[in-house]
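**Q** Input: one structure, supplied below.
We did not get these values from a lab; they are worked out from the coordinates using the rules stated. Small disclaimer: the values here were computed from a predicted structure and weren't measured. Virtual Cβ from ideal backbone geometry, glycine too; neighbours counted across all protein chains shown.
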Amino acid sequence: MWILEKSLKETDAHARLAIAAALTMLGGTNGLDTLQGALNAREKWQRFAAVVALARWNTPLAQDLLKSQLEDRLPAIRKIALAAQTGKVPATLAEGLRDTDREIRQYAARALIFFNDPATVPALRQAGKDSDPEVRAAAHLTLRRIERMQPRESSRTGAD
């Protein structure tokens, strides 16, 4: 984790936000300043990523930080912040796969990889047919990860 902490000074905004999100998802608080800054960013990808990271962290502090996003100008971000309070983030992200904004569909497909929720598989399969190639690619990647993380049928039945 110390390598990630050293990398928080990264100049690339994408990398810095990814590092802060990773630290937060691992239970660290060193990236919170970066995430808080992203919650107020003009760019929707930064706000979206910060909200998902905090929703995944799911602590009282994260819930408190997410309250400000309940008033975000983007409906998809408001929905995720609200879903974080009710524990329905994966389902809300799955709904985001049908958003009219292709970028939101991309973000949702990418974000679902962090939740490993088999209930999102049908929505991801449908997103695999999206008109946008980046949505399709992200949906396929997330779907493959979820499928790999599920116990094999033979291990559940005890058969080889």
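**Q** Using the Karplus curve 6.51 cos²θ - 1.76 cosθ + 1.60 with θ = phi - 60°, work out ³J(HN,Hα) for each residue of segment 49-65 in order, rounded to whole Hz, and write x for Gly and Pro.
**A** 4, 5, 5, 5, 4, 5, 5, 5, 5, 6, 10, x, 5, 4, 4, 5, 5
**Q** While we're here: Only Lys, Arg, Asp and Glu count, each charged at its Cβ (+1, +1, -1, -1), so figure out the dipole size of segment 51-92 about its Cα centre, rounded to 20 debye.
**A** Around 120 debye, computed over segment 51-92.
**Q** Tell me, what HN-Hα J-couplings in whole Hz come from the Karplus equation 6.51 cos²θ - 1.76 cosθ + 1.60 at θ = phi - 60° for each residue of segment 95-100, using x for Gly and Pro?
**A** 4, x, 5, 10, 4, 6
**Q** On C-alpha positions alone, give me the angle between the axis of helix 102-111 and the longest principal axis of the chain, in degrees, nearest 10.
**A** The two axes meet at around 80 degrees.
**Q** Still on this model: Scan around GLY28 for amide H atoms under 5 Å from its own, H built in the peptide plane at 1.01 Å from N, and keep only partners 5 or more places away or cross-chain.
**A** Correct list: empty.
**Q** In addition: Please report the relative contact order for segment 2-132, taking Cα pairs under 8 Å with a sequence separation of at least 6, and give it as a percent rounded to a whole number.
**A** 15 percent
**Q** While we're looking at this one, here's another question. How big is the dipole moment of the chain about its Cα centre under a simple scheme where the beta carbon of each Lys and Arg is +1, that of each Asp and Glu is -1, and everything else is neutral? Debye, nearest 20, please.
**A** Computed charge dipole of the chain: roughly 200 debye.
**Q** Across segment 119-124, in residue order, what do the Karplus-derived ³J(HN,Hα) couplings come to in whole Hz, using 6.51 cos²θ - 1.76 cosθ + 1.60 with θ = phi - 60° and x for Gly and Pro?
**A** 5, 8, 4, x, 5, 5
**Q** Then there is this: On a 0 to 90° scale, report how tilted helix 133-149 is relative to the longest principal axis of the chain, with both axes built from alpha carbons and the result rounded to the nearest 10.
**A** That helix lies at roughly 70 degrees to the long axis.
**Q** Further question: Using a basic spin-label model with each label point 7 Å from the Cα along Cα→Cβ, how many nm lie between ASN40 and ALA13?
**A** Inter-label distance under the simple model: 1.5 nm.
**Q** Please work out the ratio of the alpha-carbon Rg of the chain to 2.2 N^0.38 Å and round it to two decimals.
**A** Relative to the rule-of-thumb radius for its length, the chain sits at 1.07.
**Q** A further question on this structure: Relative to the longest principal axis of the chain, what angle (0 to 90°, nearest 10) does the C-alpha long axis of helix 13-25 take?
**A** Taking the Cα atoms of the chain, the angle to 13-25 is about 70 degrees.
**Q** Please identify, among GLN106, GLN69, GLN150, the residue showing maximal mean-square fluctuation in a Gaussian network model of the chain using a 10 angstrom Cα cutoff.
**A** GLN150
**Q** Which residue fluctuates the most in the chain, going by a Gaussian network model with Cα springs under 10 Å, if the choices are ALA50, ALA22, ALA108?
**A** ALA22
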